[in-house]
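Here's the structure we're looking at; comments come further down.
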Amino acid sequence: MKEKDLNKACRSLVENICKYSNIDKNDSNIKETPDRIYRMYKDELLIGYKRNPKDYIKLFDKKYNDKSIISIENIEVKSLCAHHLLPFFGEAKIELEYNENAKVLGLSKFYRIVDTFSRRLQLQENLTSEIANFLYDNLDIKWIKVELVATHTCVGLRGVNNTNNKTKTNVVIGEYNENN
Ligand SMILES: [Zn+2]
């Protein structure tokens, strides 16, 4: 979709909601809402479609060749549910073991990669797999475990209305065993 079309769609959504609800679309609080929504989708909530996660594969030499397991916690996840266009958010944890002599990914790049896949229309299950698969395919690693814990506003604000909801997803790829 072209940006022009997205802009039009946001305007039409707001105007039609106003019409449906008998609200003045020129109200001072609503007048610029279509543009705000447009910019929000384009520059923030859907920005992941404009980014290529491969751009964040910046690798560094590691001096020692000992068994090297890395665990990164509290990676913020902010995403948009593909079923309802409502946000879900939480935290990811990534654990992986590099192969001997592997180059290592710069730490900040894990955050960038998670954010890139998150800023798209997602299901939490797919998001977890996409992060795990991408890192497994692009890093020299034995195994990877990605865990994601998120609260879904589409579960909290509508349907079952369970505000305090929490969903945990796990994806493991490679030769992982619990004793690592
Ligand atoms: Zn949903």
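Values quoted throughout were computed directly from the atomic coordinates according to the rules given, and no laboratory measurement underlies them. All figures in this text were calculated on a predicted structure; none of them were measured in a lab. Here the Cβ is made from the backbone with ideal geometry for all residues, glycine too, and neighbour counts use every protein chain on show.
Would you order Leu135, Leu85, Leu96, Leu123 from fewest to most other beta-carbon atoms within 10 Å of each residue's own beta-carbon?
Ranking Leu135, Leu85, Leu96, Leu123 by Cβ neighbours within 10 Å, fewest first, gives Leu85, Leu123, Leu135, Leu96.
Taking +1 at the Cβ of each Lys and Arg and -1 at the Cβ of each Asp and Glu, which of Leu107, Ile70, Ile37 sits farthest along the dipole of segment 1-111 towards its positive end, judged by Cα position relative to the Cα centre?
Going by the Cα projections, it comes out as Ile37.
Could you check what % of the DSSP bridge pairs in segment 52-174 are antiparallel, to the nearest 5?
Percentage antiparallel, nearest 5: 95.
On C-alpha positions alone, give me the angle between the axis of helix 124-138 and the longest principal axis of the chain, in degrees, nearest 10.
Between the helix axis and the principal axis of the chain, the angle is about 40 degrees.
Mind checking which lysines have their Cα closer than 27 Å to the Cα of Lys142? Skip sequence neighbours fewer than 8 apart in that chain.
Lys54, Lys58, Lys62, Lys63, Lys67, Lys93, Lys103, Lys109, Lys168
How do His83, His152 rank when sorted from fewest to most other Cβ atoms within 10 Å of their own Cβ?
Listed from fewest to most nearby Cβ atoms, that is His83, His152.
For segment 52-174, with only Lys/Arg (+1) and Asp/Glu (-1) charged at the beta-carbon, what is the dipole magnitude about the Cα centre, in debye rounded to 20?
It works out to roughly 240 debye.
Using DSSP to define loop residues, name the GluC sites (Glu not before Pro) in segment 103-180 whose beta-carbon has at most 14 other beta-carbon atoms within 10 Å.
Answer in residue order: Glu175, Glu178.
Of all the stretches in the chain, which is the longest one without any exposed loop site, taking chymotrypsin sites (Phe, Trp or Tyr not before Pro) in a DSSP loop (any state but H, G, I, E, B) with at most 15 other Cβ atoms within 10 Å?
So the longest stretch without any such site is 65-175.
Summing -39500 (n - 2.57) over the DSSP H runs of n ≥ 4 in the chain and dividing by its residue number, what mean residue ellipticity at 222 nm do you reach, to the nearest 500 deg cm²/dmol?
The helix-only estimate for the chain comes to -10000 deg cm²/dmol at 222 nm.
Using alpha-carbon pairs under 8 Å, 6+ residues apart, how would you state the relative contact order of segment 3-45 in percent?
After rounding, I find 48 percent.
What is the total of Lys pairs in segment 3-45 with C-alpha atoms under 16 Å apart, excluding same-chain pairs fewer than 8 positions apart?
The result is 5.
Give the distance, in whole Å, between the Cα centre of segment 90-131 and the Cα centre of segment 23-43.
After rounding, the separation between the Cα centres reads 33 Å.
So how tilted is helix 3-21 from the main axis of the chain? Cα-based, degrees 0 to 90, rounded to 10.
Result, in degrees: 50.
When 1/r is averaged over all different Cα pairs and the result inverted, which Kirkwood radius in Å belongs to the chain?
Result for the chain stands at 18.4 Å.
Compute the long axis of helix 107-118 from its Cα atoms, compare it with the longest principal axis of the Cα atoms of the chain, and write down the angle in degrees, 0 to 90, nearest 10.
Taking Cα atoms only, the helix is inclined about 40 degrees.
Return a whole-number percent for the relative contact order of segment 52-174, with Cα pairs under 8 Å and 6 or more residues apart as the contact set.
Here the relative contact order equals 28 percent.
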